[in-house]
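The values are calculated or read from the model by the stated rules, or taken from the named source; none is laboratory data. If you're wondering where the values come from, they're calculated on a predicted model, not measured in any experiment. Heads up, the Cβs are rebuilt from the backbone with ideal geometry, glycines too, and the neighbour counts pull from every protein chain shown. Ligands, DNA and RNA are excluded from the accessible area calculation, which covers all protein heavy atoms including side chains. Shrake-Rupley method; radii C 1.70, N 1.55, O 1.52, S 1.80 Å.
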Amino acid sequence: MVHESFKKFGYGKLENLISKSESHFLIEGIYIKRNFENLIDSLQLTYNNPEIQTKYYTEFWNRRKAENNDSIVYQIIREFNSMKSDKKRLNNQNKFVNDTLVDLLKIEFDNDNLNSEKAKADFYKLKKYGLHQSAYNLLYERAEYSELDLNREKLKQELTKATEYKNAWLIDTEK
């Protein structure tokens, strides 16, 4: 479901989350001392091919087999690898898409043409999903929304204050 939702949103829009070099990549603070493209290619090649597996790939696929998700992980890796040559295929609609996740990805990462109208739509989408803390953060904590013409106090009045803290989807990225 996450893979299908990422496909609908567009994996290309998430590429800047991965810092790549020839010998390593960094993803959300996790350093992996392998070339990203080689790693993904090798994972596809070593699935059910124990004669060409090194310790890393053997352990990776054994963990997936123990979790009973090896075939779906392989399918996702194969499909991900195919996007290099067939970008249309990764944008197909699928019944397993989580539209809420796609909407949240758009709010988080699709801010190239951000304006007051889109900001209000983002605010109301977060509110609709019950993510009132995230809606508040959009109004007061996110730098990319700070210069937009929004009636913040009026919009804030529409929010319900939580009785207990829950992690917000949209957080301050400037601190």
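Things to note:
- Checked across the stretch 18-25, the condition of being of a type outside the set (Gly, Ala, Ser) and touching a Ser or Thr at 6+ places or on another chain (Cβ under 7 Å) holds for at least one residue.
- Residue within the stretch 39-61 that is closer than 28 Å to Phe109 by Cβ and among the aromatic types (Phe, Trp, Tyr) present: yes
- Looking across the stretch 129-163, the residues that are surrounded by fewer than 18 Cβ atoms within 10 Å (Cβ to Cβ), within 27 Å of Asp99 (Cβ to Cβ) and among the acidic types (Asp, Glu) come down to Glu144, Glu158.
- In the stretch 6-26, residue least open to solvent (accessible area, probe 1.4 Å) [restricted to those that are in a helix (DSSP H, G or I) and without any contact (Cβ under 8 Å) to a residue 60 or more places away in the chain]: Leu17
- Taking the stretch 54-84 as the range and being open to solvent by 70 Å² or more (accessible area, probe 1.4 Å) and either touching a Pro at 6+ places or on another chain (Cβ under 6 Å) or assigned to a loop (DSSP other than H, G, I, E, B) (or both) as the test, the residues that pass are Thr54, Glu67, Asn68, Lys84.
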